[in-house]
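Data first, discussion second: the structure below is written as structure tokens.
The values are calculated or read from the model by the stated rules, or taken from the named source; none is laboratory data. Since this is a predicted model, take the numbers as computed values, not measurements. In this analysis, Cβ positions are derived from the backbone assuming ideal geometry, glycine residues included, and neighbour counts consider all displayed protein chains. Areas reflect the complete protein model, heavy atoms only, side chains present, ligands, DNA and RNA absent. Shrake-Rupley method; radii C 1.70, N 1.55, O 1.52, S 1.80 Å.
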Amino acid sequence: MGGTLEINIPYALTAELTHRCPLHCVYCSNPIELQKRERELTTPDWINILEEAADLGIVQVHLTGGEPLLRPDVDRIIKRARELDLYVNLITSGVGVTEKRIRQLAHAGIDSIQLSVQAPTAELGDAIAGSFAHEYKKRTAAWIREAGLPLHMNVVLHRQNIHAVEEMIELCVSWGAERLELANAQYYGWALLNRQHLLPTKAQLAAAEEAYARAKARYGRQIELIWVIPDYYEDFPKPCMGGWSSISMTVTPDGRVLPCMAASGIQTMKFESVKEKSLKWIWEESPSFNAYRGFDWMVEPCRSCEHRFRDFGGCRCQAFLLTGDSQQADPVCSRSPHHGIITGIISSINDTNTEDHERTDSGADPLFPFYSYRGR
Ligand code: FES
């Protein structure tokens, strides 16, 4: 019944350089307990991690946070990564960045920069980010293009901005983006805390999918549009991370190594640190990385389900956050005995919100004052 335990070579490393951030986004997937600056790894620590990652066969590094550009050593980290022949992508809010800083990143050898945006207008975008950010992002986008770098953008979709998918695509095209990830919010960290105000209604979602399809037809190859599915409304769960510990690993600001960015939310698991173990040992031998590899760990209904080779039982983090047991089937799955948790949440959202949702003239939800803003 179980499959053979196969350990792949990891493909990507997500390096969370810091949890510090000028934004306070209500959907942030960082943990509720943010790490303080004093606990952050040093530059030599990160250089060592990159060297171990390259030895392990990793080919791609995502520098993220928080805001990775708050670390003054980013250039040195990028340079070393490029010397090791790693593809380097940096994910930034674009706030507090200067034109000179972007040129320095280009000089250091960065391969691509992904810029986040919250909404098509400054008024709504700044309300979601909890700070004045939109106009800074516009300038940063221009500097990225002027430096000759590919501009990749991402927007997290939720009840406050999903009505404006088409306008957001237009905005990103006008800023010169080559690629835009339209990522429906995933409910971990701060997004889970704010879920009641963030989860869109079914009608909003249907309208957004139509808008996405129209834009795809209109822009063709001018911009690569990626639609990240709205998990809670699916019948079967997402194949989260391509399966636990299958293709990538994440290092947190203090050096813990996780199979995914949300795994620190699984309070019943212990994750090893680069301060004590090598990346190779953690990837191949640690109990945490091996806990949900393969299929033998599964309980019913996943254990005998024909979908298990495609969705791997869904997301372990979501299973823990919603049921308290990370071994259970992801409750998003319609076959899960815990699926009632999801249908209950969806009903409560769809029963209490009208189709076009009550908005102020500015487009912002009157409930904004009741959100929990990250890091505030
Ligand atoms: Fe951790 Fe899905 S986010 S396994």
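Farthest towards the positive end of the charge dipole of the chain, among the residues Leu225, Thr18, Thr250, is the Cα of Thr18, using unit charges on the Cβ of Lys, Arg, Asp and Glu. Sequence-distant contacts, meaning Cα pairs under 8 Å at least 6 residues apart, place the relative contact order of segment 1-114 at 30 percent. With contacts taken as Cα pairs under 8 Å and at least 6 residues apart, the chain reaches a relative contact order of 21 percent. Rg/Rh, computed from the Cα trace of segment 1-81 with Rh as the Kirkwood radius, has the value 1.07.
A Cβ-based charge dipole, computed about the Cα centre of segment 207-268 with Lys and Arg at +1 and Asp and Glu at -1, lands at about 280 debye. Take the Cα coordinates of segment 217-261, assign each an equal point scatterer, and use the Debye formula without solvent to give log10 I(q)/I(0) at q = 0.25, 0.30, 0.33 Å⁻¹. Each listed q corresponds, in turn, to -0.90, -1.01, -1.10.
For the chain, a crude dipole built from +1 on the beta carbon of Lys and Arg and -1 on the beta carbon of Asp and Glu, taken about the Cα centre, is about 620 debye to the nearest 20.
Hey, can you find the accessible area per residue of the chain for me, probe 1.4 Å, expressed in square angstrom? Could the numbers behind the result be given before it?
Details: 16120 Å² over 376 residues.
Roughly 43 Å² per residue, with all protein chains present.
Partners of Lys79 within straight-line reach, counting lysines whose Cα lies under 25 Å from its Cα and excluding those fewer than 8 residues away in the same chain: Lys100, Lys137, Lys275, Lys277, Lys280.
Computed with the Debye formula from one identical point scatterer per Cα of the chain, without solvent, the log10 of I(q)/I(0) at q = 0.07, 0.10 Å⁻¹ comes to -0.31, -0.65. Under the simplified labelling scheme, the Glu210-Arg39 pair shows an inter-label distance of 4.7 nm, with each label point 7 Å from Cα along Cα→Cβ. Overall, the accessible surface of the chain at a probe of 1.4 angstrom is composed of carbon and sulfur to the extent of 52 percent. Of the residues His338, Tyr292, Val95, the one whose Cα sits farthest toward the positive end of the charge dipole of the chain, with +1 on the Cβ of Lys and Arg and -1 on the Cβ of Asp and Glu, is Val95.
Overall size of segment 86-225 from C-alpha positions, given as principal axis extents largest first: 46, 35, 31 Å. Positive end of the dipole of the chain (Cβ unit charges, origin at the Cα centre): among Ala191, Ala319, Leu205, the Cα lying farthest that way belongs to Ala191.
In segment 56-138, which chymotrypsin sites (Phe, Trp or Tyr not before Pro) fall in coil by DSSP and have 16 or fewer other Cβ atoms within 10 Å?
Answer by residue number: Phe132.
How long is the gain from Arg221 to Tyr87 if the chain were fully straight, where each residue apart is worth 0.36 nm and the alpha carbon distance is subtracted? Please report the intermediate quantities before stating the final value.
Details: separation 134, 0.36 × 134 = 48.24 nm, distance 2.34 nm.
Result for the pair: 45.9 nm of gain on full extension.
Dividing the alpha-carbon radius of gyration of segment 224-352 by 2.2 N^0.38 Å (N being the number of residues), what value is obtained? Here the Cα radius of gyration is 1.12 times the empirical estimate.
Measuring between their Cα centroids, segment 93-170 and segment 11-31 lie 15 Å from each other.
Taking N as the residue count of segment 56-143, its C-alpha radius of gyration divided by 2.2 N^0.38 Å amounts to 1.15.
Close amide H partners of Asn154, meaning residues 5 or more places away or on another chain with modelled amide H under 5 Å apart, are Leu115, Ser116, Val117, Glu181.
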